[in-house]
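Take a look at the structure set out below.
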Amino acid sequence: MDDGEMKEERELLKGNTPTLILSVLQDAPLHGYAIARVIERRSGNALRFKEGTLYPALQGLERDGFIQSAWDTSSAGPARKVYTLTETGGTELTRRTRSWQSFVSAINTVINSTVGDLKVEDAKGRKPDAQPI
Amino acid sequence: MHSQFEPLEPTDSQPLQRHDEIARTTGEMVTSAGTSSDQEPTSVLEPLLEHYLDRLCVPLENEMSLQARLEMRAEIRGHLISLAAAFEELGSAPAVALYEALQQFGAAETIGASFMKQHRAPLGLEPTISLHLLTGAVATGLASIGLNRIANEAMVALGMQISHGEPFDLVLALALGMTAGGLLWRRRKSTLDAALSTGGLYAAAAAVLSVAVVTMMAYTHSFGVYQPQKLALTYAEVVGIYSLFGAVTGVCGSLITRGLRRLLTRTNVSA
């Protein structure tokens with residue numbers, strides 16, 4: 001992957017980090033480090049991002065009431081801030097998922113129809129005398 | 001030892017229920033975090049980690065309460081230690097592992113700025129015209145007016161001038177103060193920067209006004225009654241006094257803004 005592609009992917013990822021977080025938290029409460037690992041693992045290491053960007057996104061989601069956090073002091077290690085999806089967060093995830101799917105579908109339609117149109121045009125062939133007026 | 005960075009096997013070949021996947025992943029992570037948590041960075045690496053966290057927290061000093069910053073710091077510290085431990089498991093030396101962890105986490109300043117942006121978002125203001133900037137501008141403007149009044153009254157009391165000041169002085173003081181405060185607090189300058197920059201701005205304004213007055217006097221032919229050297233000295237004094245006045249205004253504006261910001265942050269947190 002070249003620099004341009006990486007930059008493009010980073011931008012796409014940046015806008016969708018909250019959706020990824022909500023999606024991951026749908027299954028179980030997790031701390032920040034775990035969220036990063038689950039995203040990495042589920043994407044088959046395809047989605048690599050600067051992990052620090054997770055925390056401002058988590059802060060935003062918590063502020064909006066989509067997730068809530070609590071310090072977990074029960075484990076042997078140091079206390080960890082564990083995030084849980086709220087009911088509003090679940091609704092938001094559904095909305096975001098629907099919006100993402102509709103966006104992808106629209107993009108696919110445009111890409112595919114363009115390719116399709118070109119193919120149809122090529123198949124018909126252009127008449128040599130068909131000059132623009 | 002199984003590494004958490006090992007690529008995930010294709011889902012099709014090893015179907016897993018989502019809960020199982022989470023449990024497996026988090027299970028590893030808890031174990032990893034547990035071991036890594038006991039392995040605090042060595043005393044040599046500790047300053048590197050602390051320096052990184054300091055840099056990350058700089059933009060948030062006047063944005064978040066101390067408690068919120070400490071919590072955020074602890075949370076990120078835990079993440080970085082776990083990440084460094086994971087790199088160590090992959091064979092990196094402790095120093096290299098920490099460096100790699102910091103690389104993967106991202107630039108401290110960028111993350112700090114993202115936090116700041118998130119923190120300001122509920123105010124519904126663009127970052128460039130944030131509450132921080134507004135409080136800075138208003139506070140410095142008010143400090144400028146207040147000091148202008150005090151200076152005028154003191155000069156009248158000392159017999160240095162007869163007039164208690166014109167309304168124009170107050171308008172000018174407010175405009176200059178707000179401009180200085182707005183420009184300074186857009187970049188959240190230190191108190192020293194505030195003193196120097198505001199002093200410079202006031203001196204420049206005084207110089208421009210002096211030139212304007214001299215030009216006006218030349219046009220009205222009243223220039224001849226003054227000796228040029230004496231006039232130059234008078235205006236040099238004016239510029240000097242203004243720069244000093246500006247510096248004091250900058251300090252006052254800076255202190256008031258910091259106080260207001262703390263108050264607002266506390267209110268915001270408690271709300």
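With the contact rule set at Cα under 8 Å and sequence spacing of 6 or more, what percent relative contact order holds for the stretch A:25-111? Relative contact order comes out at 30 percent.
Please name which of A:97, A:111, A:85 has its Cα lying farthest along the dipole of the stretch A:55-116 towards the positive end, using unit charges on Cβ (Lys, Arg +1; Asp, Glu -1) and the Cα centre as origin. With unit charges placed on the Cβ atoms, the residue in question is A:111. With neighbour counts taken as other beta-carbon atoms within 10 Å, the residues B:252, B:57 rank, fewest first, as B:57, B:252. Each of B:198, A:94 was scored by other Cβ atoms within 10 Å of its Cβ. Listed from fewest to most, they are A:94, B:198.
Using the 10 angstrom Cβ neighbour count as an exposure proxy, how do B:214, A:24 rank, fewest first?
B:214, A:24
Remark: the stretch A:65-75, residue by residue, has Karplus-estimated 3J(HN,Hα) of x, 7, 9, 9, 10, 8, 7, 9, 10, 6, 6 Hz, where x stands for each Gly or Pro and the curve is 6.51 cos²θ - 1.76 cosθ + 1.60 at θ = phi - 60°.
Residue by residue along A:78-89, Cβ atoms of other protein chains within 10 Å of the local Cβ number 3 on average.
Bear in mind that the values in this text are calculations on the coordinates, not laboratory data. These numbers come from a predicted model, not from an experiment. Cβ: placed from backbone, ideal geometry, glycine included. Neighbour counts: every protein chain shown.
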